[in-house]
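Take a look at the structure below.
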Amino acid sequence: MPHLKTILRTDKIFSEEMCLKVVFVFCVLNAPFALFVGIHTHSTSLLLVGVLCAFDAFTSFITLIVFKLLLKAPSQQYPFGYFKFEPLLIVIESTIIIVTCIVSILHALKDLYHQSGFLTNHSVGIYYLLIVIFIDLLMCIYIYICRKKSDSPLLEIEYLGWFYDLLSTFALLGGFVSAYFLAKSSHVHLQHLAVFVDPVMAFIIVLVFIVKPFLLFSENVKDILDRKPEDSSIEGIIVDITNHCAHELHIKINITFIKIRRAGRVHFCILKYSVSNNVGLNKITLLNNNIEKTLQDKIPQLYLGIIPESSLIKVSKKVKK
């Protein structure tokens, strides 16, 4: 049975850890440039991108710490591992994005009211956005490949973040180009419309960014609160395998209790069953081992606690793909 550390480090270049490090480096490099160009062009939208990128750099650093925790073996304080930190991190990151989007909406509304959203130095913004589009496209492809190899919730939110960033950057580029031509227009009315471009771009970015964070926030709060997995087939698989293994050993069992919860990338299950008193301890142990081995290939990352009620013996098993 491969160790979790081996599972998470399958390919060094496209591994989850390497991908998280690359994301962190690009966020650290991009944040000050976005803020500088935002100030230089008087763009609330670019300032929003810079602030979000700075938050991404911070959360990417925390993500790397959480990733290291996931590699650690369960301890006395965390007997089921550190997987709760994964949905907790996603909740924090989603909250930061939502709050930042709300603040940006307020600034955009103020610019619309005062008509103070006039962009300057259009060429600087356009050249910067062209470079960012190229980088975002490469990062989306890279993270997508890494996510397919590791099936990681952490990379899922990173991929969504960079994909939305790519879409919003296209919107920003279109806005800067539009503002440039409106400002250069000989018609006064068209020149006046240029002040509305940046606030509208801020609205577009918020609408693109804010939906998925709300969904991720809701989904991962449920994980923190030990929600039942939405995939109802998991319980059926566990019940069928348990009954099948018992039938092969000619043991009549009655499943009295089953509880399945999810935390990040893992599932936890407590399974209780009763057998007749004439079934010996050796046969119960063999049954538990058979259930564990069969589930290994069926459900990835399952922590299984088996309680045979007749013998009052609890056997805790950790099942990994």
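The values are calculated or read from the model by the stated rules, or taken from the named source; none is laboratory data. Keep in mind that what you see is a predicted model, and the values were worked out from it rather than measured. When we count neighbours, we look across all protein chains shown, and the Cβ atoms used for this are built from the backbone with ideal geometry, even at glycine.
Residues that are closer than 17 Å to Ser152 by Cβ, at pLDDT 80 or above and in a loop (DSSP other than H, G, I, E, B): does the range 18-41 have at least one?
no
Does Ile141 qualify as being out of contact with any strand residue (DSSP E or B) (no Cβ under 7 Å at 6 or more places or on another chain) and at pLDDT 80 or above?
So Ile141 passes the test.
Picking from Ser232, Ser218, Ser186, which residue would you name as being modelled with pLDDT of 75 or more and of a type outside the set (Phe, Trp, Tyr)? Don't jump to the end; show me each part of the working.
Details: Ser232 fails: modelled with pLDDT of 75 or more; Ser186 fails: modelled with pLDDT of 75 or more.
Criteria check complete, one pass: Ser218.
Determine the pairs where a residue that is closer than 24 Å to Thr120 by Cβ and polar (S, T, N, Q), located within the range 25-40, has a partner that is at pLDDT below 85 and in a helix (DSSP H, G or I) with Cβ atoms under 6 Å apart, the partner being 6 or more residues away or on another chain.
Partner pairs satisfying both residue conditions: Asn30/Cys53.
Of everything in the range 242-258, what is of a type in the set (A, V, I, L, M, F, W, C), under 38 Å from the mean Cα position of the chain (by Cα) and part of a strand (DSSP E or B)? Give them in sequence order.
Ile255, Phe257, Ile258
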